[in-house]
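Reading through the structure tokens given below for one structure.
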Amino acid sequence: MAMSHASARLRSRPEWWLEHRNKQSKQKWKAELLRSPLTIRTPCGSETIRLSLKQIDYVLEELCGYAALVDHLHRWQVLTGYKHWRPLNVLSFNEILDLERDVIQSLPHAPNHNGVVHVIDPFLNALIFEKTPVYDIHQPGLLRRQPAPSYMRDYSVSKEFAFLPTDFSISTAGHVKALSYINNLHPGETKAMQGLENLLERCLPLFSHVLTDLHRNNPLYQRIKGSCRYTEWDEPEPPDHSDDEEGWVAYERDVRLWIMKRPIELPDVPSGGYKGGLESRRHTVELLGRNLQFVVHSYEICLMV
């Protein structure tokens, strides 16, 4: 985790990929990482970690792999690691103002809840199983009640409600066009619809990158392989007599302390350093030329002073 944070810190600098091969920049970054410890959040709190020189060299060497992953055309780059991407500049300042005017300001707002104003709320008029009438694809012109899904063992599937997604057509050139209405957006709000189509068009490369990283044929890249191992096996001896209550209490206390303080040997980066291949992908998820379904949820976060 400390190596991931160190790498992310370096890659948060503007246009870092233009400097990562420069010897002076690498020496400067190495000195910064050697001088500054990293605070890592863990389930038990926070830990202060100092990377070794070998680990810092590894982080600096693998920057070439991250540089190869930068999507200069669409302005996206990997954030902390696989599956986490961040924009370099998806929308210009004027485009952000236009989107705020056409979507946020022009549409009716739901009540404010703790500083969050819902503009397009997919929860508001969701499909209700066994109640909401839907068109029957097998009997055109007829309506029927939508039954609840039968695979109830899946914790991610609700038995009561379902979002109503919108079909979007993705052209081979990457242009996005809505094929149906967006739930809780009036069809007459054409500017809002166009603004959302433009935003989805800019985010298509993000979806492609993340889905590619998640694909089962693209295994997770590991800096450090192997597992930890304990170097001490001599645990405290139990009492000689089963009725020695004080002895057993002391033994249990000693075992707990031994477990917490037991020396452990952690795996480290390979001795030969970074071997390459961070940017390699066996399979790429391509979204162009397809119809995709999206659930649109638009809201404004009002910061309270």
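A few points about this structure:
- Inter-residue pairs, beta-carbon under 7 Å, first among the hydrophobic types (A, V, I, L, M, F, W, C) and in region 243-258, second loosely packed, with under 13 Cβ neighbours inside 10 Å, 6+ apart: Val255/Glu235; Trp258/Glu235
- Close pairs (7 angstrom Cβ cut-off, 6 or more residues apart or separate chains): farther than 26 Å from Arg229 by Cβ in region 267-282, outside any loop (DSSP other than H, G, I, E, B) anywhere: Gly276/Gly65; Leu278/Gly65; Leu278/Tyr66; Glu279/Gly65; Glu279/Ala68; Glu279/Leu69; Arg281/Thr212
- Some residue of region 115-125 being in contact (Cβ under 8 Å) with a residue 12 or more places away in the chain, out of contact with any Phe, Trp or Tyr (no Cβ under 7 Å at 6 or more places or on another chain) and not in a loop (DSSP other than H, G, I, E, B): yes
- Residue check: Tyr155 meets all listed conditions (1) among the hydroxyl-bearing types (Ser, Thr, Tyr); (2) within 26 Å of the chain's Cα centre (by Cα); (3) farther than 30 Å from Glu130 by Cβ; (4) surrounded by fewer than 16 Cβ atoms within 10 Å (Cβ to Cβ) but one, namely (3).
- Out of Leu196, Leu204, Leu185, Leu220, one residue alone is in the same structural domain as Val119 (by TED's automatic domain parsing) and either closer than 30 Å to Arg281 by Cα or of a type in the set (Val, Ile, Thr) (or both). It is Leu204.
- Residue pairs whose Cβ atoms lie under 6 Å apart, separated by 6 or more positions or on different chains, with the first residue in region 91-103 and closer than 16 Å to Glu197 by Cβ and the second surrounded by 13 or more Cβ atoms within 10 Å (Cβ to Cβ) and aliphatic (A, V, I, L, M), are Asp102/Ala192; Val103/Ala192.
- Every residue from region 1-32 that is under 25 Å from the mean Cα position of the chain (by Cα) and in a helix (DSSP H, G or I): Ala2, Met3, Ser4, His5, Ala6, Ser7, Ala8, Arg9, Leu10, Arg11, Trp16, Trp17
- For region 144-193, a residue qualifies if it is in a strand (DSSP E or B) and either in contact (Cβ under 8 Å) with a residue 60 or more places away in the chain or within 16 Å of Val119 (Cα to Cα) (or both), and the qualifying residues are Thr166, Asp167, Phe168, Ser169, Ile170.
- Filter pass, Asp268 being surrounded by 11 or more Cβ atoms within 10 Å (Cβ to Cβ), within 30 Å of the chain's Cα centre (by Cα) and farther than 30 Å from Ala173 by Cα: yes
- Per-region count, region 220-239, residues part of a loop (DSSP other than H, G, I, E, B) and either of a type in the set (Ser, Thr, Tyr) or farther than 18 Å from Ser4 by Cβ (or both): 11
- Qualifying positions in region 223-263 - of a type in the set (Val, Ile, Thr) and farther than 30 Å from Arg282 by Cβ: Thr231, Val249, Val255, Ile259
- Check on Gln77, touching a residue at least 40 places away in the same chain (Cβ under 8 Å), assigned to a strand (DSSP E or B) and surrounded by 15 or more Cβ atoms within 10 Å (Cβ to Cβ): yes
- Scanning region 35-51 for residues being without any contact (Cβ under 8 Å) to a residue 24 or more places away in the chain, under 26 Å from Leu69 (Cβ atoms) and either surrounded by 11 or more Cβ atoms within 10 Å (Cβ to Cβ) or in contact with a helix residue (DSSP H, G or I) (Cβ under 6 Å, 6 or more places away or on another chain) (or both) gives a total of 1.
- Exactly one residue out of Phe163, Phe207 is over 23 Å from Trp85 (Cβ atoms) and among the aromatic types (Phe, Trp, Tyr), and it is Phe163.
- If the condition is being of a type outside the set (S, T, N, Q) and under 18 Å from Phe163 (Cβ atoms), then region 177-192 contributes Ala178, Leu179, Tyr181, Ile182, Leu185.
- Residues that are loosely packed, with under 14 Cβ neighbours inside 10 Å, under 30 Å from Leu288 (Cβ atoms) and not hydroxyl-bearing (Ser, Thr, Tyr) occur at least once in region 220-236.
The values are calculated or read from the model by the stated rules, or taken from the named source; none is laboratory data. Please read these numbers as outputs of a predicted model, since none were measured by experiment. Don't worry about glycine lacking a Cβ; one is built from the backbone with ideal geometry, like all the others, and counts go over all protein chains shown.
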